[in-house]
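Since every read-out is calculated from the coordinates, none of them should be taken as a lab result. None of the values given here were measured: they were computed from a predicted structure. Backbone-built Cβ (ideal geometry, glycine too); neighbour counts: all protein chains shown.
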Amino acid sequence: MDKFADLIIKNRRTIIVIFLVLTVICGVLAISVRVNYNLEDYLPKNSNSTKGMNIMKEEFDEDFPSASVMIRNISIHQALEYKKSLEDVPYVTSVTWLDDAVGLDVLLSTPLEYIDKSISEAYYKNNNALFSISIVLGHELEAVNMIYEIIGQENAASGSSVNNAVVQKLSSSETIKAMLILIPLIILILLFTTSSYIEPVIYLVSIGIAILINMGTNIFFNDISFITKTVSPILQLAVSLDYAIFVMHSFQDYQKDNEPEQAMKLAIKKSFVSVFGSAATTVIGFLALAFMRFEIGMDLGINLVKGVVLSFLSIMIFLPVVTLSLIHIIDKTRHKSISMDSKKAGKWLMKLRIPLLILSLIIIIPSFLAKGNIEFQYGASSGIKSSKAETDKVMIEEEFGKINQMVILVPKDNMGSLSMLTSKLDEIDGIKNIISYDRYIGSSVPEEFVKGSDAMFNSKNYTRIILYTNFETESAITFSSIEKIKETIAQYFNEFYLIGESASVYDIKQTVTADNTLVTLIAVLGIFLVLLFTFKSISIPFILVLTIESAIWINLAFTYFQDKPLNYIGFLVINTVQLGATVDYAILLTDRYMHDRTLLSSKDAMAKTLTDNLAAIMISAGILSFAGFTLTLTSSNPIVSELGILLSRGTILSFAMVSSVLPALLILFDYIIKKTTYKNGFHIKQKTKGPR
């Protein structure tokens, strides 16, 4: 470690140049990183809807319709002209209308009243035309803007691509907004707790460089999710600020008796292990996300892990050399820091520790039960509330009813089974209309007799059935109906694929529900092992993990008692992020307690620990809680906003548990900790001998 510190101090100019060059390069690259707003893309490649989408693209050379466009008061000839204009829009891969369902010749030569009403009214009703449009993923905003230029704002567009376009438009500047709120708050907090006006700037520059490098290195991935883009920089800043504070505090302590260079060497040496241990627990919490089969966990987890590692490297390498380079400015801008007196708070917490422990047990048990009964949302369709897309959706539904289109792909080697299947599907509530080969052409008509007219239904290997349903995008009824549809298809075909937004959301539900236990288990076991080696104790890891997990249970129980649905992504992420990010508070308090316990009795040691460290933990928790609050305040996307609420509230709850319940547990189990901790060095009160 001495050689490492010497190498840093001797090469300070080179280090500054390298970091600044990397920052500029990565800052430029970050602009070109592609952002994915489509949650369905993160489903496992072997999920039914994903495989079906890929097959449909290969076999039929088109994507699943992802937008519905309604144009009012037009004739059939005008509708065909609009269709042609919509087909010419960049990134629109297909436009389906009535002429595709009945054939252009039939449409132009047959009076509308002689065309099957169940088919015609799915596309044309009361002189209003409804088009189904497929849009290339990642280009929804450009395509939707051009569509509105063609149809005008008085007409309507809805669907997943329109929803994605709304989210893209609203979230493009949200990270910057969040930073503009969070950074001044952090500077204000740091100004009260540091001894120089320049110190907060050094902290934020050191972490800001790591954030920009992290964002720029995302160019090596195909894309990142919109959740990662919005959440990752904020979390990286909030969780790694402690590392910078710890290094600088060590430097200031050593500077009292040493020259700046020597003081910094000693600070690097002293703080390296502690900061590394703190970063390691956070990394393990985030890394657990990477084991999700729903790949948004991998996307967010890897990005957060990369961010924490880069922050650790920046703070251990870049921050020391910048501090030494600016030492004269730091000295000239000294001011009195406000030292928070935690003595009274520590005394009160010690006096109330048993009542607080009992109260926490009363709260924890129902919270644990409540979190298992939360109603979840799995998709992202709620992101369009209070937007034109929501108004347009209602407008379309008033004319054509609820439109939730799904497609079934089955092998085309058994037309008899196809006819029986479509008849059986008619019996399922919520399916309004079925368009298929057997209904449009007739299952008894050989394919070679209608070559070309069957392109909408038949490919080389598959035939498709188009379902028009009135299901909500996601609900218990929708999921139950999807299961009925799948069970019905399975009676006639061994191989089948169900495609559509609701089918994808159903697959997301199946995937993330299975992920939950695995991700939580990996996070808990990983952090447990780190704590086991850190404290060389069997009992302490149980106490610390239980303390933070209890805070997580209470946090999630709030949602249940508010009777609000919770997006499952927020649930999975907070399970690992709150554990990984706030277990540091428990580690710091326990580490100081174990040191003080070698000199004092358990109660006296805890009183001293709370007095010396409560303020530092509160500042750290305050910053992370503010980070969550800014996500909620600035994000228009409900998934990110919910995650912000969970993070902000969860951090406060973790702080409350660490400052009130953990001290009581450490004192209560003092004897067990002593017996299960290697070389504990606990202070033993000497018994005084009475007079003989």
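A Förster radius of 25 Å, combined with the Cβ-Cβ distance separating M1 from D612, puts the computed FRET efficiency at roughly 0.45. When E642, E62, E154, E40 are sorted by how many other C-beta atoms sit within 10 angstrom of their C-beta, beginning with the fewest, the order is E154, E62, E40, E642. Restricting the trypsin sites (Lys or Arg not before Pro) of segment 207-270 to loop positions (DSSP other than H, G, I, E, B) with no more than 15 neighbouring Cβ atoms within 10 Å leaves K256.
Taking 0.36 nm per residue of sequence separation and removing the Cα-Cα distance, the D61/L352 pair yields an extension gain of 97.8 nm. Applying a length cut-off of 30 Å (Cα extent along the axis) and a mean Kyte-Doolittle floor of 1.0 to the DSSP H helices of the chain leaves 501-535, 539-561. Computed over segment 388-506, relative contact order equals 41 percent, with contacts defined as Cα pairs under 8 Å that lie 6+ residues apart.
The aspartates and glutamates within cross-link reach of K84, meaning a Cα-to-Cα straight distance under 20 Å and a gap of 8 or more places when in the same chain, are D61, E62, D63, D99, D100, D105, E140, E142, E149, E154. With bins 10 Å wide beginning at 0, the percent of Cα pairs of segment 566-692 falling in each bin runs 12, 34, 24, 17, 8, 3, 1, 0. Averaging the sequence gap over all C-alpha pairs within less than 8 Å and six or more residues apart, then dividing by the number of residues, gives segment 286-353 a relative contact order of 17 percent. Within straight-line reach of K177, meaning a Cα separation under 19 Å, sit the following lysines at least 8 residues removed in sequence or on another chain: K169, K229.
A Cβ-based charge dipole, computed about the Cα centre of segment 319-368 with Lys and Arg at +1 and Asp and Glu at -1, lands at about 280 debye.
Of the beta bridges in the chain, as assigned by DSSP with both residues counted there, near 90 percent are antiparallel. Once both labels are positioned 7 Å from their Cα atoms along Cα-to-Cβ, the gap between H328 and N258 label points is 2.3 nm. Among the listed values (i) 101, 88, 77; (ii) 82, 75, 53; (iii) 116, 60, 39, the one computed from these coordinates for Cα extents along the principal axes in Å is (iii). With only Cα atoms counted, segment 388-506 has Rg and Dmax values of 15.1, 46 Å.
Calculated FRET efficiency, D105 to F221, Cβ-Cβ distance, R0 = 51 Å: about 0.55 to the nearest 0.05. Ordering P90, V17, N458 by the projection of their Cα atoms onto the charge dipole of the chain, which places +1 on the Cβ of Lys and Arg and -1 on the Cβ of Asp and Glu, puts V17 at the extreme positive end. The magnitude of the dipole of the chain, with charges of +1 and -1 set on the Cβ of Lys/Arg and Asp/Glu and taken from the Cα centre, is near 5120 debye.
For the pair segment 67-102 and segment 557-629, the centres of their Cα atoms are 57 angstrom apart. Among the listed pairs K484/K564; K460/K484; K51/K125, a Cα-Cα separation exceeding 32 Å is found for K51/K125. Taking label points 7 Å from Cα along the Cα-to-Cβ direction, H595 and I538 give a separation of 2.8 nm.
For segment 1-34, trypsin sites (Lys or Arg not before Pro) are listed when DSSP marks them as loop and at most 12 other Cβ atoms sit within 10 Å of their Cβ; the list is R34. This ranking places D100, D61 by how few other beta-carbon atoms lie within 10 Å of each, fewest first, which gives D61, D100. In terms of distances greater than 26 angstrom between alpha carbons, the cross-link table entries K608/K674; K347/K536; K270/K344; K402/K486; K306/K536; K371/K509 yield K347/K536; K270/K344; K306/K536.
Which shape class, rounded, prolate or oblate, goes with segment 234-370 when its Cα gyration tensor gives a ≥ b ≥ c as root eigenvalues, a/c under 1.5 marks rounded, and past that a/b bigger than b/c marks prolate? Here segment 234-370 falls in the oblate category. Dipole of the chain computed with +1 at Lys/Arg Cβ and -1 at Asp/Glu Cβ about the Cα centre; of L529, M606, I31, farthest Cα towards the positive end is M606. Positive end of the dipole of the chain (Cβ unit charges, origin at the Cα centre): among A129, L43, G570, the Cα lying farthest that way belongs to G570. Applying both filters, DSSP loop and at most 13 other Cβ atoms within 10 Å, to the GluC sites (Glu not before Pro) of segment 385-428 gives E427. Take every Cα pair under 8 Å whose residues are at least 6 apart in sequence, average their separation, divide by the length of the chain, and the relative contact order is 19 percent. Ordered by the number of other Cβ atoms lying within 10 Å of each residue's own Cβ, fewest first, S342, S659 fall into the sequence S342, S659.
For segment 401-558, a simple Cβ point-charge model (Lys and Arg +1, Asp and Glu -1, everything else neutral) yields a dipole of about 220 debye relative to the Cα centre.
Rounded to the nearest 0.05, the FRET efficiency derived from the C-beta distance between N145 and E87 at R0 = 25 Å is 0.90.
Taking a straight Cα-Cα cut-off under 18 Å and skipping sequence neighbours fewer than 8 places away in the same chain, the lysines within cross-link reach of K265 are K3, K10, K256. On full extension, the segment bounded by Q491 and A514 gains 5.7 nm, given 0.36 nm per residue less the C-alpha separation.
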